[in-house]
Each structure stands twice: as C-alpha cells, then as structure tokens.
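The values are calculated or read from the model by the stated rules, or taken from the named source; none is laboratory data. Remember, it's a predicted structure, so these values are computed and weren't measured experimentally. Glycine also receives a Cβ, built like all others from the backbone with ideal geometry; neighbour counts cover every protein chain displayed.
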Amino acid sequence: MPGPAPIRVLPDAVINQIAAGEVVERPASVLKELVENSIDAGAARIEVEVVDGGRRLVRVRDDGAGMDRDNALLSIERHATSKLRELKDLDTIATMGFRGEALAAIASVSQFSLTTNQAGSAAGTEILIFGGKIQDVRDAGAPRGTDIAIRNLFFNVPARRKFLRSAPTEFTHIRQAFLLEALANIGIEFTLRADDEDVYRLPAAESLLDRIRDLYGAEVAGHLRPIRFGNGVVEIGGHAGIPPYSRMDRELQVVFINGRPSGSPVVNFAIQSAYRDVLQGGRYAPLFLHVNLPPDLVDVNVHPAKKEVRFRRPTEVRDVIIEAIRLAVAGPELPRGKRDDFPRESSRPHVYLPTSAPMAAPAPADAAAPSAPAPVAMTQPNLDWTPPPVPVAGETAVRAAPWAEYRLMGRVGGLYVVLETAEGLVLMDSRSAHERVIYERLLGALEKGSVPSQGLLPPATVPVTPAQGNALRQHLDLLKRMGFGVAEFGADTFLVDALPVWVADVAAGTLLSDLADGLMQGGKTAAQDWAQPLIASIAGRQAVGLQRELTDAELNALIRDLARTEMPYTSPRGKPTVILLSHRELNRKFGRE
C-alpha cells in the first residue's frame with residue numbers, strides 16, 4: 001500500500017476558500033461583513049443593493065473614512081486589520097470586525113470590486129479581483145468612502161453555489177441581516193434596494209423606538225415598554241413587548257451585545273425565564289434587547305461569523321437580564337387618555353375579594369354538556385365610574401393600573417366582564433384574572449419569606465451527591481424562606497422536617513434532589529423559577545371554583561386587585577386576562593375609518 005501523502009503548505013487561494021466556508025455562508029453573510037466594515041469606518045450613510053437575492057450582486061456603499069491605495073491593498077490580504085495590534089487586544093474588542101479575514105475570504109469566491117477614496121485625495125483607488133486573483137489596481141474618481149460590489153458569489157466553488165436557495169429565500173436572509181444592522185446603529189442612515197426597487201429608506205433615528213416604528217410599524221412599537229436596568233457592571237436597555245401581544249416565531253426578538261447583533265445560550269435562557277409566566281408556550285413577545293458590559297467580560301472571538309459570544313460572568317448577566325425584562329413588562333402602562341375626559345372619582349367604597357373567598361364548586365367532570373351554548377346574559381349596567389386601586393397598608397408603591405378609571409357595564413356568559421375605559425372597551429376573563437391575583441399573592445409570600453410550611457412526620461433523611469450537597473449548604477437560608485425545613489445530617493445527607501404547603505404531597509427526596517440541581521445551574525433565580533410552575537398550578541386550582549356570577553362588589557374588588565398585580569394582562573399560564581379594544585379599533589371594525 002502507498003504510504004501517507006507528504007505534508008504540504010496550502011496555497012493562499014485554498015486557504016482563503018477554506019476561510020470563506022467559515023465566514024461566508026450565503027449572500028446575507030457578505031452583507032453583514034461589508035456593512036460592519038462601513039460602520040467601523042465611521043459611515044453616516046450606508047446603501048445596500050442586491051440583485052437576485054444577492055446571488056448575482058451584493059453591493060455596499062458608504063461615506064466613511066475611506067482608504068488610500070496602500071491600505072486598500074492591505075485590506076484584502078488575509079489577517080490584515082486596523083483593529084488589532086497584539087494578542088491582549090482580543091480582550092477589549094470594541095469594533096464590529098477584528099479578524100481581518102472577511103474581505104480576503106469573500107474575494108476568493110466572487111468577482112470582487114473595491115472603490116475607495118479619502119477626503120482631500122486627488123484620486124481614489126479601484127481594485128478588481130476575480131476568484132481571489134488581482135486583475136487590476138487603478139486610479140478612480142470617487143467620493144469619500146468605500147464602494148464594494150460582490151458579483152456571482154461562489155461562481156468558482158460549484159459545490160457551495162448549489163447549496164444557495166431560491167432568490168426569495170436568500171433575500172429573506174438578506175433582509176434580516178439588514179434589519180439587525182439598522183437596529184443596532186440607529187444614528188446611521190440606511191438604504192436597501194433589491195432588483196432596482198427601494199425596500200427600505202431609513203433616516204437616522206433619534207431613538208431605538210423610532211427605528212423600530214420605521215421598520216415594523218406603529219402597532220409593534222405601541223406594544224413595547226422601555227427597558228432600563230443594570231447593576232453597575234451589566235447594563236440592559238432596549239424595549240420589551242407586553243402581553244397579550246405576541247407571535248408564534250422569534251423574528252421580533254433581537255439581541256445586541258455591546259452593540260453587536262449576537263446571541264448566547266445564557267441570554268436565550270434569561271429571555272425565556274422572564275416571559276415564562278406571562279406568555280403561553282410557543283408564543284414570543286417582541287423584544288429588542290441591548291446588553292452592555294465591559295469588553296473584557298465578554299468573549300466575541302467564539303463563532304467564525306461572530307454570531308455568538310461567551311460571558312465571563314454568565315450568572316450575573318442572566319440574572320440582570322431576567323430582572324430587567326420583568327421590571328419592564330410589569331412597569332407602568334403605556335400612555336393613556338387624559339383623566340379629565342372622565343367624571344370625578346366615585347365615592348364607592350373599596351371592597352376586597354379575598355383569595356380564599358368561598359366559591360361555588362366546579363361542575364363534576366362527568367356532568368352532561370348542554371346541548372346548546374348558554375344564552376348571553378347581560379346584567380343591568382353599573383354606571384358609576386370607579387377610580388384606580390387604593391394603596392393597601394404597607395404597600396410602598398402602587399403600579400399604574402391598566403386603566404385610569406373604568407365603568408362596569410355588565411357580564412357575558414357568566415365568566416366575561418365588560419368594562420368601559422377612556423381608551424375604549426375591555427373584556428375581562430374573571431377566572432384568568434383571579435388566577436393572576438392568587439398567583440402573585442403566593443409568589444409575594446415566597447419572595448418575602450412568609451411561605452406557610454407543613455411538618456413531616458416522621459422527618460425524611462435525604463442523601464445527595466457531593467455537588468448537590470455543596471449547593472444546598474450555600475442556599476440553606478433561601479430554602480428556609482421558601483418554606484423548607486432543611487438541615488445537614490451527616491456527610492452529604494440532609495434532614496427534611498417541613499415542606500412548603502403547596503408541595504407537601506411530593507416525596508421529599510425527589511424534591512430536594514431536583515431543587516439542588518436547579519441551584520447548581522442557576523442559584524437563587526433557578527430556585528425561584530423552579531417554584532413558579534407549582535405556584536401557578538395552585539393558583540389555577542384555587543381559581544377553578546370561580547364559576548358562579550359575582551356580585552358587583554366582588555367584581556369591582558377583583559378588577560382592582562388585578563390592576564394592582566405586576567402583570568395584569570395574562571394569567572400565570574399565559575392566557576389573556578383582558579382583551580383591550582381601543583376606540584380606533586372599534587371605529588375601524590364598524591367602518592368609521
């Protein structure tokens with residue numbers, strides 16, 4: 001048999017094509033690399049043009065600093081960059097690009113032209129490259145900035161070209177890459193043209209919300225709340241969507257890390273956790289999230305295309321993101337109509353509906369179903385205007401209610417309540433509303449460490465692994481506040497003599513082991529997240545008895561209690577508690593607009 005082939009150094013052309021396989025997945029990858037170079041060059045205006053979904057042409061023009069001839073020639077050399085000087089610079093990267101391999105890789109698999117000029121130069125420079133080989137370098141009349149055109153991507157790599165999708169599919173990826181860059185750089189004017197037609201013309205925006213409105217319309221922008229939260233190291237900004245507005249895909253969930261469109265499993269977990277108890281499974285609220293932290297605490301040199309980053313303190317980043325989104329979603333309501341449009345506050349006394357108020361038992365599971373839908377029953381309207389919630393004893397701050405004032409108009413089908421507000425009409429599901437009220441009261445008891453416990457007779461001894469034992473020892477105080485009676489009982493064994501009342505029927509060994517695993521993965525946040533589904537289940541069971549028709553006093557109390565919750569728009573299981581119909585929407589449905 002022949003011996004092994006001798007080792008040889010690969011030619012530069014082959015090396016560049018290998019690099020292209022990592023950096024250039026499709027035309028959208030080309031757009032991303034070129035636009036980010038324009039951003040790093042200080043461009044105030046960036047124009048993108050594509051033909052045939054980018055398969056025939058991707059062209060990016062900017063008015064940035066431009067380059068002289070020597071730097072233009074260096075820019076297409078592999079690992080030539082102005083953004084790094086030594087190894088330690090990788091720890092403090094503040095630019096979009098830094099590796100110095102994108103242009104060389106792109107030029108090796110395309111028909112490449114680069115025209116550039118600096119302010120005050122007599123002439124610019126034009127470089128033509130065909131499949132990685134320089135064809136011509138010449139003077140060119142050009143304005144300040146850089147113009148790069150990529151034609152016939154992968155023309156010399158048939159195996160790669162055949163994997164390109166149809167023009168509409170490739171343009172979908174082009175459009176998404178363009179949107180990400182436009183959202184990340186709101187102070188830059190962006191234009192996208194496809195097949196000689198304008199798709200977007202975006203002026204420089206004063207705020208992220210303005211850019212979101214320009215891209216996605218007023219409806220999306222109108223369902224967002226600002227995010228402003230940080231701990232002095234990790235700072236979170238952007239806008240979070242509020243339930244019940246949501247989608248079945250993640251297209252409107254965008255994350256920027258130090259200004260770079262990017263992602264991380266830690267960030268994805270934090271977003272999922274923050275929305276867990278306010279959205280149904282499979283639904284996603286719009287989210288435009290900016291995560292900012294010192295460059296030395298984030299490693300951007302992880303993914304070839306810089307799509308993913310790694311944090312040096314992931315637990316801290318995760319916890320700050322969760323808190324930031326939850327505060328935004330539970331914060332003050334969006335601007336409402338003037339209170340002066342309403343009569344003055346009524347003198348109606350504030351009546352509270354206790355969580356434990358006796359309710360009629362639910363109908364038996366085997367009860368015969370009615371042969372026809374129940375008739376719609378409207379009660380006599382209550383025409384008194386009711387003020388927003390009154391602070392309760394010890395409540396330091398009252399959140400803004402979903403309505404400034406309301407008028408109870410009646411009931412539909414025994415479960416649904418009709419309210420008139422300054423903004424229009426509100427339909428409330430009284431059962432889902434009751435679930436939300438109960439859930440937040442139980443969750444508040446957990447957070448305050450006032451969870452009722454039930455003793456175990458006899459106490460249970462639970463053996464755990466060394467790692468689980470270490471996690472439990474570090475969080476014994478937290479476990480006690482959650483209602484657990486837990487103490488060490490020898491090497492990697494714990495004695496459990498009490499459990500929270502809502503899990504008293506669960507085996508102590510399984511419970512403690514699962515909780516220890518959660519503590520190892522996420523500390524305090526994971527422990528509370530572990531408890532939330534159980535609390536939601538209890539809230540659902542307690543609210544299931546809400547089948548009888550409530551009195552006006554009970555309804556007003558429930559409405560006010562719902563308004564006081566942090567998330568009055570959905571039940572703990574993500575179902576809507578209210579449906580809001582604005583005057584504008586009602587007018588549109590009745591053909592008045």
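Values as computed for the structure displayed
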quantity	calculated
Qualifying residue in region 277-285 (condition: free of Cβ contacts under 8 Å to residues at least 40 places away in the same chain, over 22 Å from residue 312 (Cβ atoms) and surrounded by fewer than 21 Cβ atoms within 10 Å (Cβ to Cβ))	yes
Qualifying positions in region 137-162 - in contact with an Asp or Glu (Cβ under 9 Å, 6 or more places away or on another chain) and assigned to a loop (DSSP other than H, G, I, E, B)	142, 143, 144
Residue match in region 228-245 (condition: of a type in the set (A, V, I, L, M) and assigned to a strand (DSSP E or B))	yes
For residue 214: the one exception among (1) closer than 30 Å to residue 436 by Cβ; (2) surrounded by fewer than 20 Cβ atoms within 10 Å (Cβ to Cβ)	(1)
Residue in region 480-489 that is farthest from residue 443 (Cα to Cα), counting only those that are modelled with pLDDT of 85 or more and of a type in the set (A, V, I, L, M, F, W, C)	489
Residue pairs meeting the criteria (Cβ under 6 Å; at least 6 apart or on separate chains; first in the same structural domain as residue 68 (by TED's automatic domain parsing) and hydroxyl-bearing (Ser, Thr, Tyr), in region 116-143; second surrounded by 16 or more Cβ atoms within 10 Å (Cβ to Cβ) and in a loop (DSSP other than H, G, I, E, B))	116/66; 116/67
Hits in region 137-190 (condition: buried (at least 18 other Cβ atoms within 10 Å of the Cβ) and on the phi > 0 side of the Ramachandran plot)	145, 154
Hits in region 262-301 (condition: under 15 Å from residue 326 (Cα atoms), of a type in the set (D, E, K, R) and either in contact with a Phe, Trp or Tyr (Cβ under 8 Å, 6 or more places away or on another chain) or assigned by TED's automatic domain parsing to the domain that holds residue 432 (or both))	277
Residue in region 37-44 that is charged (D, E, K, R), at pLDDT below 95, out of contact with any helix residue (DSSP H, G or I) (no Cβ under 7 Å at 6 or more places or on another chain) and closer than 20 Å to residue 179 by Cα present	yes
Selection within region 191-201 - in a strand (DSSP E or B) and surrounded by fewer than 20 Cβ atoms within 10 Å (Cβ to Cβ)	191, 193, 197, 198, 199, 200, 201
When residues of region 217-230 are limited to those that are in contact (Cβ under 8 Å) with a residue 12 or more places away in the chain and of a type in the set (A, V, I, L, M), the one surrounded by the most Cβ atoms within 10 Å (Cβ to Cβ)	224
Residue in region 55-71 that is assigned to a helix (DSSP H, G or I) and either modelled with pLDDT of 95 or more or of a type in the set (A, V, I, L, M) (or both) present	no
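Per-residue answers, yes or no, for (1) outside the structural domain of residue 539 (by TED's automatic domain parsing); (2) closer than 29 Å to residue 539 by Cβ; (3) modelled with pLDDT of 85 or more; (4) not in a loop (DSSP other than H, G, I, E, B):
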| site | (1), (2), (3), (4) |
| --- | --- |
| 462 | no, yes, yes, yes |
| 478 | no, yes, no, yes |
| 491 | no, no, no, no |
| 495 | no, no, yes, yes |
